[in-house]
Amino acid sequence: MSEPQPRRAAVTGIGVVAPNGHSTESFWKSTQEGLSVLDRITREGCDHMPLHVAGEVRGFEAGTAVEERILVQTDRFTHFALTAADAALDDARLGRADTDQDPFSVGVVTAAGSGGGEFGQRELEQLWGKGSRYVGPYQSIAWFYAASTGQISIRRGYKGPCSVVAADEAGGLDALAHAARAVRRGTDVLVAGATEAPIAPYSMVCQLGYEELSTEADPDRAYRPFTDAACGFVPAEGGAMLVVEDERTARERGARVRALIAGHAATFTGASRWAETRQGLAQAIAGALQEAGCAPGEVDAVFADALGVPEADRAEALAIADALGAHGARIPVTAPKTGIGRGFCAASVLDTAAAVLAMEHGLIPPTPNVFDVSHDLDLVTVRARPAELRTVLVLSRGLMGSNSALVLRRATAGAE
Amino acid sequence: MSDRITVEELSELMRKAAGVTVPPEELEQQYDTTFDVLGIDSLGLLGVVGELEKRYGAALPPDAERSKTPRQFLDLVNGALVAGA
């Protein structure tokens, strides 16, 4: 008698709100063209700060996707999350009629590093400017990290496992891994991902203390990891939500299985101790490959963390070499986030979305604004590179010391 | 300013504090519909109470935010405002 097949976590839906596109289609078009949308910050109240360049989501109308009743009680980061979740669920063709039948089989997990800073600032200005009676009651929920998980699940009536990962920027990958584990344990569907909205005065002041932040004012020169000109990272807003689903259940309902989340591991090496991330990241990669049952030589491309700090870039290049052996120097590496900035927890979820799209299109998107690579890496620059991609590795590190690796596998038609 | 809260005022406050639009004439028809059904959660009603307290410069009875329907709410709040005047 054969053992029951273990449950596998499939990506069946992708929803994106990014600086380079408000939909998955426009995001992919800009990403594969290597378009850079980094620009001078235009948000009100931000013009006097020593941070000049960011990846802003411009022209986003929250009211198009989110009803007024929810708008008044939520921050911009939750508006992004609700919009991206709707798009992901539409992509997965999972509507209320499907999920209402068994609301306990659907959960939500998000990661957030910045929370609802803009909403919080507005209410705190009321507190100190006018008095406590002028602070609205929704302050109690809007700026909280958990707001997006809560609002998505309440709005959709989901009653399955819901959680929030507060694990630094690498939390984006950890949230996807958490969703995959929940699916393997028995929940059918998880809406998972991360969105951030840190381009507002209060949130920006919170970031000014990061020595890794790029203060370069020229958008073309502000974020160039893996080069001698690397001068830090550029922040961004927006993000992505994915539908992560039990592969068999998904196929039975006729859903398109876009990729499999095959392995993940995370390590911790301490805040801003970048040299030590060589070992931490290599160990995360090894752990993720092991969970995926994947040999280093099977990895076809790497989506790098690409912090843009020389010491951190060196550590990442060495970690890839350490973990993947001789294969590491030949494998194509890319960092499309140099065209849109690092949206904290959202950055690695956008990378995961791009990696799934890259596997589907057989095309590795390039690393905008990066030309002369000063590390022993085959970094994809200038234009997208055609490649047969079966297995992709996504890497992420946080400023506070987290390192994560996620292994994605292409969904094989043969399994259907 | 009137010393009684009108249905127009409640409708406007519901929109401002809770993002729920119910025109006054419709709200009059729905006096006994619960706030829950109208789409106003407990924090939304707390926001309506907070706006009124600022407007009238007086504390409303603690039960105000526990009202279940517009009728209950207006009866309680107007009773309190008249008593306090």
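The values are calculated or read from the model by the stated rules, or taken from the named source; none is laboratory data. Bear in mind the structure is a predicted one, so any value in this text is a computation, not a measurement. All Cβ positions, even for glycine, are placed from backbone atoms using ideal geometry, and neighbour counts span all protein chains on display.
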Pairs returned, first residue in the range A:296-318 that is modelled with pLDDT of 95 or more, second residue that is among the basic types (K, R), beta-carbon separation under 6 angstrom, 6 or more apart or interchain, are A:D300/A:R390; A:D305/A:R397; A:A315/A:R278; A:L318/A:R278
Working only within the range A:302-327, note down all residues that are surrounded by fewer than 24 Cβ atoms within 10 Å (Cβ to Cβ) and under 16 Å from A:L406 (Cα atoms).
A:L324
Please state which one of A:T74, A:T83 is within 14 Å of another protein chain (Cβ to nearest Cβ) and either modelled with pLDDT of 95 or more or buried (at least 24 other Cβ atoms within 10 Å of the Cβ) (or both).
A:T74
Filter the range B:35-59 down to the residues that are over 25 Å from A:K130 (Cα atoms) and more than 12 Å from the chain's Cα centre (by Cα) and list them by number.
B:D36, B:V37, B:L38, B:G39, B:D41
Against the definition (assigned to a helix (DSSP H, G or I), within 12 Å of another protein chain (Cβ to nearest Cβ) and out of contact with any Cys (no Cβ under 8 Å at 6 or more places or on another chain)), how does B:V37 come out, yes or no?
no
Residue that is away from chain A (no Cβ under 13 Å), part of a helix (DSSP H, G or I) and either polar (S, T, N, Q) or free of Cβ contacts under 8 Å to residues at least 40 places away in the same chain (or both), where the choices are B:D63, B:D32:
B:D63
Mind counting the residues in the range A:97-144 that are of a type in the set (V, I, T) and within 13 Å of chain B (Cβ to nearest Cβ)?
2
Go through the range A:150-172 and report how many residues are surrounded by fewer than 19 Cβ atoms within 10 Å (Cβ to Cβ) and outside any loop (DSSP other than H, G, I, E, B).
4
Taking the condition under 17 Å from the mean Cα position of the chain (by Cα) and assigned to a loop (DSSP other than H, G, I, E, B), does A:E211 pass?
no
If you scan the range A:150-172, which residues turn out to be out of contact with any Gly (no Cβ under 9 Å at 6 or more places or on another chain) and either closer than 15 Å to A:T195 by Cβ or within 14 Å of another protein chain (Cβ to nearest Cβ) (or both)?
A:G150, A:Q151, A:I152, A:I154, A:R155
Test A:P332 against the criterion of being within 23 Å of A:L318 (Cβ to Cβ), in contact (Cβ under 8 Å) with a residue 40 or more places away in the chain and either among the hydroxyl-bearing types (S, T, Y) or out of contact with any strand residue (DSSP E or B) (no Cβ under 6 Å at 6 or more places or on another chain) (or both), and give yes or no.
no
Limited to the range A:24-53, what total is found for residues that are under 20 Å from A:D86 (Cα atoms) and surrounded by 16 or more Cβ atoms within 10 Å (Cβ to Cβ)?
3
Considering A:A147, A:A175, which residue is surrounded by 24 or more Cβ atoms within 10 Å (Cβ to Cβ), at pLDDT 95 or above and within 14 Å of chain B (Cβ to nearest Cβ)?
A:A147
